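The values are calculated or read from the model by the stated rules, or taken from the named source; none is laboratory data. Computed from a predicted model, the values in this text were never measured in an experiment. Note that we place each Cβ from the backbone using ideal geometry, even for glycine, and neighbour counts take in every protein chain shown.
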Amino acid sequence: MSARASSRRPRRPRGRFALARVTALGALCVGAAMLASGCASIGAASGAAAGAATGIVTANPGVGIGVGIAVQAATDVAVNKFMRTMHTDQQNAIASIAGALPVGGTQPWSVKHRLPIENGHGEVRVTRAFASSLALCKEFVFSVQDGDGPNAPAQWFTASACHDEGVDGGWKWASAEPAVERWGALQ
């Protein structure tokens, strides 16, 4: 073997093996980003992954960018709708309990979903009842506890519910602004 042959650098992998390595590295990065940032980045991560995969397969970055943006938008809409449903379940449970309580009454509330996401529990206290020409309403304060232990910290919020004959249970969440900051604009 000549000295020249032994001094060559090893060849870089080409073809399917290189594509598989790039795809695996991309999937690893996307997975790490999702674990680090939670639900807020699912749309961005899925859009980036779909865009990168499409760009590699089609060899057209414009198509990859378009697919990535579309997948991100669709994923964000689906996640927001799911979270809105979870929050509505909590709001309906709290409003139903507040409607059944007299002024000054207190009762615990809890919601358990099939998936362990947005489960909540705490306490509801009715502070005032009032009637308008449209409906009978109640103002209340409610807590959201962080954890299941007896000394778990609780945050308190205010809201109102109004009686509505067309709703199961008769009481519906009536606060115009989100009472819980973590719910954002998903009222």
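Taken over the stretch 120-167, the residue count meeting the criterion of being in contact with a strand residue (DSSP E or B) (Cβ under 6 Å, 6 or more places away or on another chain), part of a loop (DSSP other than H, G, I, E, B) and surrounded by 13 or more Cβ atoms within 10 Å (Cβ to Cβ) is 2.
I'd like the full set of residues that are outside any loop (DSSP other than H, G, I, E, B) and either under 15 Å from Ala159 (Cβ atoms) or in contact with a helix residue (DSSP H, G or I) (Cβ under 7 Å, 6 or more places away or on another chain) (or both), limited to the stretch 95-105.
Within the stretch 95-105, the first condition is being outside any loop (DSSP other than H, G, I, E, B), and the residues that meet it are 95-100.
Correct list: Ala95, Ser96, Ile97, Ala98, Gly99.
Remark: pairs (first residue in the stretch 76-94, of a type in the set (D, E, K, R); second residue surrounded by 14 or more Cβ atoms within 10 Å (Cβ to Cβ); Cβ separation under 7 Å; 6+ apart in sequence or on different chains) = Asp76/Gly43; Arg84/Leu186; Asp89/Val111. Report, by residue number, each residue of the stretch 157-187 that is more than 24 Å from the chain's Cα centre (by Cα) and at pLDDT below 55. Within the stretch 157-187, none qualify.
All of His113, His121 fail the test of being out of contact with any helix residue (DSSP H, G or I) (no Cβ under 7 Å at 6 or more places or on another chain) and closer than 21 Å to Thr85 by Cα, apart from His121.
Let me confirm something: among Ala59, Ala100, Ala95, which residue is of a type in the set (A, V, I, L, M, F, W, C), more than 27 Å from the chain's Cα centre (by Cα) and in the same structural domain as Ser175 (by TED's automatic domain parsing)?
Details: Ala59 fails: in the same structural domain as Ser175 (by TED's automatic domain parsing); Ala95 fails: more than 27 Å from the chain's Cα centre (by Cα).
Exactly one residue qualifies, and that residue is Ala100.
When each of Ser41, Ser37, Ser46 is tested for being among the small types (Gly, Ala, Ser) and either modelled with pLDDT of 70 or more or under 30 Å from Cys137 (Cβ atoms) (or both), the lone residue that passes is Ser46.
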